[in-house]
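**Student:** Next up is a structure, given as structure tokens.
The values are calculated or read from the model by the stated rules, or taken from the named source; none is laboratory data. Note that the coordinates shown come from a computational prediction; the quantities given were computed from them, not determined experimentally. Backbone-built Cβ (ideal geometry, glycine too); neighbour counts: all protein chains shown.
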Amino acid sequence: MRFGVVVFPGTWSDCDFHYVVSEVLHQPVRYVWHREHELGQLDCVILPGGFSYGDYLRAGAVAGRSPVVAALRDFVTRGGLVLGSCNGFQILCEAGLLPGVLTRNECLQYRCQSTHLVVENIDTPFTRGLRAGQVLTMPISHGEGKYHTDAETLARLKQQNLVVFRYADADGRVTKASNPNGSLDNIAGIVNPEGTVLGMMPHPERASETAMGGTDGLLMFQSLLGSLVEDGSFLKR
């Protein structure tokens, strides 16, 4: 499976993702500069965390209008997979590839901590290897991770089962106390209707080796590889 990790000015999780894909998964991966207009024969493009363009205007606002994000639209149309983590989630929302917006944490503090996520949707390439209701542990690291959208969009997300992860406690209970940033409905990750574009605030790349404290994030990558075997090729070549 061929991966690409997008690099914007201010990105800092690109090396972490590149390491996990190349050294842990042993899959081909290349860095994609934000000015590139062509994504070639990649199967999955990763938008990593960081502070793209210094998070001026709003987090992800400038990056959401970059050449490589414009190229993502054709990539997604051809069946390509996109994973946006943290700032990557913010960029996907700013670009209109996912609905809603990420705003300042309710506590108005930067939060860097471990969180529990309950898996809500297993009908995506990113989660097919997981169980509905399974609890994962992954870290967050953000100041603008409070997901918000209008009531109509929230209803649509629920009706179409587009919420993939919710913040929960260790037993999988979705509670206010387990919500680290005040996200609407404890939403930690959503997907597009086709299931090919996933945005999430937690960092799966930081939970992919035992030495890092856990491997729950690796389960998502393994699910992707399993989906490739099951479906053959993602892109319509």
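**Student:** If you check residue 199 against the conditions, is it surrounded by 16 or more Cβ atoms within 10 Å (Cβ to Cβ) and small (Gly, Ala, Ser)?
**Tutor:** Yes.
**Student:** Pick from 185, 169: which is more than 18 Å from the chain's Cα centre (by Cα) and surrounded by fewer than 23 Cβ atoms within 10 Å (Cβ to Cβ)?
**Tutor:** 169
**Student:** Kindly list the number of the only condition in (1) at pLDDT below 95; (2) touching a strand residue (DSSP E or B) at 6+ places or on another chain (Cβ under 8 Å); (3) part of a loop (DSSP other than H, G, I, E, B) that fails for residue 180.
**Tutor:** With respect to (1) at pLDDT below 95; (2) touching a strand residue (DSSP E or B) at 6+ places or on another chain (Cβ under 8 Å); (3) part of a loop (DSSP other than H, G, I, E, B), residue 180 is out only on (1).
**Student:** Right, next: Just need a number here: residues in the stretch 84-108 that are part of a helix (DSSP H, G or I) and surrounded by fewer than 24 Cβ atoms within 10 Å (Cβ to Cβ).
**Tutor:** Here the count works out to 1.
**Student:** Output the residues belonging to the stretch 92-114 that are closer than 24 Å to residue 63 by Cβ and among the polar types (S, T, N, Q).
**Tutor:** Result: 103, 105, 109.
**Student:** What are the residue pairs meeting all of these: first residue in the stretch 187-201, first residue over 18 Å from residue 74 (Cβ atoms) and in contact (Cβ under 8 Å) with a residue 24 or more places away in the chain, second residue in a strand (DSSP E or B) and of a type in the set (S, T, N, Q), Cβ atoms under 6 Å, and 6 or more apart or on different chains?
**Tutor:** What qualifies is 200/85.
**Student:** Let me ask something else. Which residue pairs have Cβ atoms closer than 8 Å, lie 6 or more positions apart in sequence or on different chains, and pair a first residue in the stretch 1-16 that is at positive phi with a second residue that is surrounded by 22 or more Cβ atoms within 10 Å (Cβ to Cβ) and polar (S, T, N, Q)?
**Tutor:** Filtered contacts from the stretch 1-16: 10/52.
**Student:** Can you name every residue in the stretch 6-43 that is closer than 18 Å to residue 93 by Cα and outside any loop (DSSP other than H, G, I, E, B)?
**Tutor:** Residues satisfying the conditions are 6, 7, 11.
**Student:** So, of the residues in the stretch 115-150 that are of a type in the set (A, V, I, L, M, F, W, C) and outside any loop (DSSP other than H, G, I, E, B), which turns out to be nearest to residue 12 (Cα to Cα)?
**Tutor:** That would be 140.
**Student:** Moving on to the next point. Which is at pLDDT below 95, β-branched (Val, Ile, Thr) and out of contact with any Asp or Glu (no Cβ under 8 Å at 6 or more places or on another chain), of 29, 69?
**Tutor:** On inspection, the qualifying residue turns out to be 69.
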